[in-house]
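Here the structure comes first, spelled out in structure tokens, and everything after it is commentary.
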Amino acid sequence: MVFSAVEKNRFRAGPQAIASRLAGRPFPEPGPGQWALNDPATLADALQQAGFRDVEVRAVPFVYRFPSLADTLRNLKDAQPPLTRLLDQLSDADRAVAWAEIERSLRPFLTEEGLAGPAEALVAAGVA
């Protein structure tokens, strides 16, 4: 299971894109990483090259849910290493700018029940 297209994962990708821009890095970065297999054909090819046959890839939408924006920001700080690695490259001033932008970018996902961040994964399976 991997993330699908960046555009379908704005909740997860948006904060990383902000931090990447402020760090002067491309997003998503080329090469290995959490977005490297986000195309169904690329994912299927990787499994076939690993020896699997009858590979099937399905897009599966899901929603990240948090009770509040504060809980969401805490999750970003505590449980998303790619984001925290980028933020660690920034000066204190740029890091503060990044967090302010990230918070603004998440506000559209707020609901009466908390935060609901739509996302999509690619789930792949094959026969060994």
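The values are calculated or read from the model by the stated rules, or taken from the named source; none is laboratory data. Computed from a predicted structure; not experimentally measured. We place every Cβ from the backbone using ideal geometry, glycine too, and count neighbours over all the protein chains shown. Areas reflect the complete protein model, heavy atoms only, side chains present, ligands, DNA and RNA absent. Shrake-Rupley method; radii C 1.70, N 1.55, O 1.52, S 1.80 Å.
Quick rundown of the values:
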{"read-out": "Residues of segment 9-66: accessible area per residue with a 1.4 Å probe, Å²", "value": "60"}
{"read-out": "ARG65 versus ARG25: modelled label distance in nm, points set 7 Å from Cα along the beta carbon direction", "value": "3.2"}
{"read-out": "The chain - percent of accessible surface contributed by carbon and sulfur, probe 1.4 Å", "value": "54"}
{"read-out": "Full-stretch length increase - ALA50, VAL123 - with 0.36 nm per residue and alpha-carbon distance subtracted", "value": "24.7 nm"}
